[in-house]
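Okay, so here's the structure we're looking at.
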Amino acid sequence: MNRKLVGTLLLASMLAAGCDVFSSEPTYGGLSVAGFNYTPYNLSWFVVTDKYGNRASGGGDLMPGSGAGSLSCCYKLKGTEFTVKWDVYDADEAIKDLYAPIRKLHKEATVSLPPTQINGELGMRVLGLHFYPDDHVEFEFRNDLRGTRIFYSKIDSWLLRKQGKSFNDTLEDAIAFRRTARIAAEGWIKYRFTDTHDLGQYVYLTLLNPEFDQHPVIQKIISETRDKPGAFGAAMEDLPAPVVEELKRKSFKPVGTGESHD
């Protein structure tokens, strides 16, 4: 009886710790899932599956830059290779005809996750899925819903404080926000900017001149500040006045071309 009791307790302990006694593959039980959307589109739904048929789903019409949504518990996932499928849609396109079906874009990615120790009680083990503008997805185990990595709303608020309505005179706030998100997502794709100040300056200067980053001075700064969060934004704040004027007038020779902008 003692041996049976010890065996039962040992098995229960292993399962509670997220181990699978019958397999060398890592098993993660009691999971809630949360999505963090850094794409310039609304994320309406996602599902994670493993090669054993386990699945976990979430979503909740996450706007660009938002995270979490509704949590569902309790899921189990197993292994080191996972498939993520998700749907997004362009809200600007959707509002053109409120009675037409929303055209959704279907995405899919494979995510590799090395065996990972997870902590927390049931309902507190959260698998965060970070959806990036280039359609890759990163997993992160956490015990809360904090930790969004790109803050489009902060970028948009900063832009509004800096310029008032000068860039947004003809746009509704929601449409202007989505434009900010699209440009910021472009800054991530091109230069992997994640810092709010860096992305804010990228959006501001793109609105000033969509080809601003082809100015030789800007290209030099981008090269020198690579992998230094906040450094690009600080350098843009200190741009010499003649460079700013060239950007406004579009009167500079783009990098890699022999022609000057008039």
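Answer yes if at least one residue in the stretch 43-52 is assigned by TED's automatic domain parsing to the domain that holds Leu105, touching a helix residue (DSSP H, G or I) at 6+ places or on another chain (Cβ under 9 Å), charged (D, E, K, R) and not in a strand (DSSP E or B), and no otherwise. Spell out how you get there, then give the answer.
Looking only at the stretch 43-52, we keep the residues that are assigned by TED's automatic domain parsing to the domain that holds Leu105, and these are 43-52.
Right, trim to touching a helix residue (DSSP H, G or I) at 6+ places or on another chain (Cβ under 9 Å) and you get none.
Taking every residue of the stretch 43-52 in turn, none turns out to be assigned by TED's automatic domain parsing to the domain that holds Leu105, touching a helix residue (DSSP H, G or I) at 6+ places or on another chain (Cβ under 9 Å), charged (D, E, K, R) and not in a strand (DSSP E or B).
Among residues belonging to the stretch 106-131 that are charged (D, E, K, R) and within 18 Å of Tyr75 (Cβ to Cβ), point out the one that is nearest to the chain's Cα centre (by Cα). Don't jump to the end; show me each part of the working.
Going through the stretch 106-131, the residues charged (D, E, K, R) turn out to be 107-108, 121, 125.
Of the ones still in play, those that are also within 18 Å of Tyr75 (Cβ to Cβ) are 121, 125.
Values: Glu121: 27, Arg125: 20 Å.
If we take residues in the stretch 106-131 being charged (D, E, K, R) and within 18 Å of Tyr75 (Cβ to Cβ), then Arg125 is nearest to the chain's Cα centre (by Cα).
Could you check the stretch 96-132 and list, in sequence order, the residues that are touching a Lys or Arg at 6+ places or on another chain (Cβ under 8 Å) and charged (D, E, K, R)?
Scanning the stretch 96-132 gives Lys107, Glu108.
Give the residues of the stretch 85-98 that are assigned to a loop (DSSP other than H, G, I, E, B) and either surrounded by fewer than 16 Cβ atoms within 10 Å (Cβ to Cβ) or touching a Leu at 6+ places or on another chain (Cβ under 7 Å) (or both), sorted by residue number.
Across the stretch 85-98, the qualifying residues are Ile95, Lys96, Asp97, Leu98.
Of the residues that make up the stretch 120-130, is at least one under 19 Å from Ser32 (Cβ atoms), surrounded by fewer than 17 Cβ atoms within 10 Å (Cβ to Cβ) and acidic (Asp, Glu)? Show your work before the answer.
Looking only at the stretch 120-130, we keep the residues that are under 19 Å from Ser32 (Cβ atoms), and these are 120-130.
Pick out the ones that are also surrounded by fewer than 17 Cβ atoms within 10 Å (Cβ to Cβ) and you get 120-124.
If we keep only those that are acidic (Asp, Glu) too, we end up with 121.
Among the residues of the stretch 120-130, at least one is under 19 Å from Ser32 (Cβ atoms), surrounded by fewer than 17 Cβ atoms within 10 Å (Cβ to Cβ) and acidic (Asp, Glu), which makes the answer yes.
Could you list, in sequence order, all residues of the stretch 161-190 that are buried (at least 16 other Cβ atoms within 10 Å of the Cβ), out of contact with any Gly (no Cβ under 7 Å at 6 or more places or on another chain) and modelled with pLDDT of 90 or more?
Quick first cut of the stretch 161-190, residues buried (at least 16 other Cβ atoms within 10 Å of the Cβ) only: 167-168, 176-188.
Narrowing the set further to residues that are out of contact with any Gly (no Cβ under 7 Å at 6 or more places or on another chain) leaves 167-168, 176-180, 182-188.
Answer for the stretch 161-190, where residues must be buried (at least 16 other Cβ atoms within 10 Å of the Cβ), out of contact with any Gly (no Cβ under 7 Å at 6 or more places or on another chain) and modelled with pLDDT of 90 or more: Ala176, Phe177, Arg178, Arg179, Thr180, Arg182, Ile183, Ala184, Ala185, Glu186, Gly187, Trp188.
Mind listing just one residue for me: the one in the stretch 58-78 that is within 30 Å of Ile175 (Cβ to Cβ) and in a strand (DSSP E or B) and, of those, modelled with the lowest pLDDT?
This residue is Ala68.
The values are calculated or read from the model by the stated rules, or taken from the named source; none is laboratory data. All values derive from a computational prediction rather than experimental measurement. All Cβ positions, even for glycine, are placed from backbone atoms using ideal geometry, and neighbour counts span all protein chains on display.
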